[in-house]
Structure formats: C-alpha cells, structure tokens
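> Structure in structure tokens, see below.
The values are calculated or read from the model by the stated rules, or taken from the named source; none is laboratory data. The structure presented is a predicted model; accordingly, all values stated were derived computationally and were not measured. In this analysis, Cβ positions are derived from the backbone assuming ideal geometry, glycine residues included, and neighbour counts consider all displayed protein chains. These area figures cover heavy atoms from the full protein model, side chains too; ligands, DNA and RNA do not enter into them. Shrake-Rupley method; radii C 1.70, N 1.55, O 1.52, S 1.80 Å.
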Amino acid sequence: QPFFLYAHIASPHRPYANDALCNLLPLDFDRRGNRHFLAQLSCVNRHLEQLLDSIQNRDPEAIIWLSSDHGPRLSIRKGSSIFSLSKKQVRESLGVLQAFRLPPDCQDPIPKNITPINGMRLIFACLSKEEPRWLPDRHYIARPDAPERGRIRRVQID
C-alpha cells in the first residue's frame, strides 16, 4: 500500500471493433459512421462499470480518476488541417471526460471545468491534505494525421 494503477484504454477509437453488447464485429463489417462510436462507447461503459464496482467492493476508500485523452472528434475528417477547424470542432476535440471519486473532505471545491493538467494535482492535494496548486489551463489540438506543418496548435477557449 498504497497501490497506483494507470491504465490507458484505446477504445472507443477507430476502427470500432465491438457492438454495444461488446460482441466482436465481423472483419468485413462497414465500421464507418458515428453510430459505431456510440456502440463502442456503450461497450466501454459496460466494462468500466464492472471495473469500478469491483474496485469499490475491494476498497471502499479508493480514489479513482477517469480521464479521456480527447473528445469524440466525430465531425473532424482524417487529414484535416488543425488550423481549419471551426470553434465547434475545437470544442468537440477538447471535450475531455474528467470524473473523480474522492473522499468527502476532498470534494469541495473541484473546479467545474478542471482539465487533465490539474487532475493529478487535485489527487495529490487530497492525499496530502493540502490545497491544490493549480497550473494555468492551456489547450492544444494535436493531429498526427494532419499535414506535416501544423500537427500541434495552441487554442484559446471562450
């Protein structure tokens, strides 16, 4: 003790491999379309719910942090220039899930729009019983499939 686990689940990302009930899709299945993202997300949620129940049953005081690495990006086409994204597409890209399960004395105040850069700072502050030392939020869009010039862009959020 203490025990720390970092797990990166690469789902839901294309190519979508499962239906909503977590059955594998046939290899020749047409996986295009946003409905497959939602089906894959349902499958992931199903597994996460089982995992979280198991953790809580084993350790009712466990601190849990769920964070996605980016938003759904459903309206952004592969190979799009990050400099051509609309405000809506930027927001969609930055729509990151942040969910915390913390002891009662650590739950107030959690900033409404906490970003990943401050998630671990919140947890360390909780463990040490100190106030979090927040870093300023900076937002970046990165697309490895974008044209070579312009794979990373810093953006401002209104």
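> Which condition from (1) more than 25 Å from Arg143 (Cβ to Cβ); (2) over 20 Å from the mean Cα position of the chain (by Cα); (3) in contact (Cβ under 8 Å) with a residue 40 or more places away in the chain; (4) open to solvent by less than 80 Å² (accessible area, probe 1.4 Å) is the one that Glu61 breaks?
(4)
> On to the next question. Considering every residue within region 18-36, establish whether at least one is part of a helix (DSSP H, G or I) and open to solvent by less than 40 Å² (accessible area, probe 1.4 Å). Steps first, answer last, please.
From region 18-36, those part of a helix (DSSP H, G or I) are 34-36; that's our starting set.
Now drop any that are not open to solvent by less than 40 Å² (accessible area, probe 1.4 Å), which leaves 36.
Yes.
> I would also like to ask the following. If a residue has to be among the hydroxyl-bearing types (Ser, Thr, Tyr) and open to solvent by 70 Å² or more (accessible area, probe 1.4 Å) to count, how many in region 1-17 make the cut?
Matching residues across region 1-17 total 1.
> So which pairs qualify, if the first residue must be in region 75-87 and closer than 12 Å to Arg143 by Cα and of a type in the set (D, E, K, R), the second must be open to solvent by 50 Å² or more (accessible area, probe 1.4 Å) and assigned to a loop (DSSP other than H, G, I, E, B), the Cβ gap must be under 7 Å, and the two must be at least 6 apart or on different chains?
Pairs that qualify, where the first residue is closer than 12 Å to Arg143 by Cα and of a type in the set (D, E, K, R) and the partner is open to solvent by 50 Å² or more (accessible area, probe 1.4 Å) and assigned to a loop (DSSP other than H, G, I, E, B), are Lys78/Asp145.
> Being of a type outside the set (Val, Ile, Thr), under 16 Å from the mean Cα position of the chain (by Cα) and farther than 24 Å from Gly119 by Cα, is that true of even one residue in region 78-100?
No.
> Somewhere in region 104-114, is a residue touching a helix residue (DSSP H, G or I) at 6+ places or on another chain (Cβ under 6 Å), of a type in the set (Lys, Arg) and either assigned to a loop (DSSP other than H, G, I, E, B) or within 17 Å of Ala142 (Cα to Cα) (or both)?
Applying the first criterion (touching a helix residue (DSSP H, G or I) at 6+ places or on another chain (Cβ under 6 Å)) to region 104-114 yields 106.
Those still in the list that are of a type in the set (Lys, Arg) too: none.
No; the residues of region 104-114 include none that is touching a helix residue (DSSP H, G or I) at 6+ places or on another chain (Cβ under 6 Å), of a type in the set (Lys, Arg) and either assigned to a loop (DSSP other than H, G, I, E, B) or within 17 Å of Ala142 (Cα to Cα) (or both).
> Let me ask something additional. Among the listed residues Leu122, Leu94, Leu127, which satisfies the condition of being among the aliphatic types (A, V, I, L, M) and in contact with a Gly (Cβ under 8 Å, 6 or more places away or on another chain)?
Only one candidate qualifies: Leu94.
> I want to confirm something. Restricting to region 103-144 and keeping residues that are of a type in the set (D, E, K, R), modelled with pLDDT under 90 and surrounded by 10 or more Cβ atoms within 10 Å (Cβ to Cβ), which single residue is nearest to Arg73 (Cα to Cα)? Please lay out each step first, then the result.
Of region 103-144, the ones of a type in the set (D, E, K, R) are 105, 108, 112, 121, 129-131, 133, 137-138, 143.
Cutting the leftovers down to modelled with pLDDT under 90 gives us 105, 108, 112, 137-138, 143.
Add one more test, that the residue is surrounded by 10 or more Cβ atoms within 10 Å (Cβ to Cβ), and what stays is 137-138, 143.
Values: Asp137: 20, Arg138: 19, Arg143: 11 Å.
Step by step, filter region 103-144, then rank; the result is Arg143.
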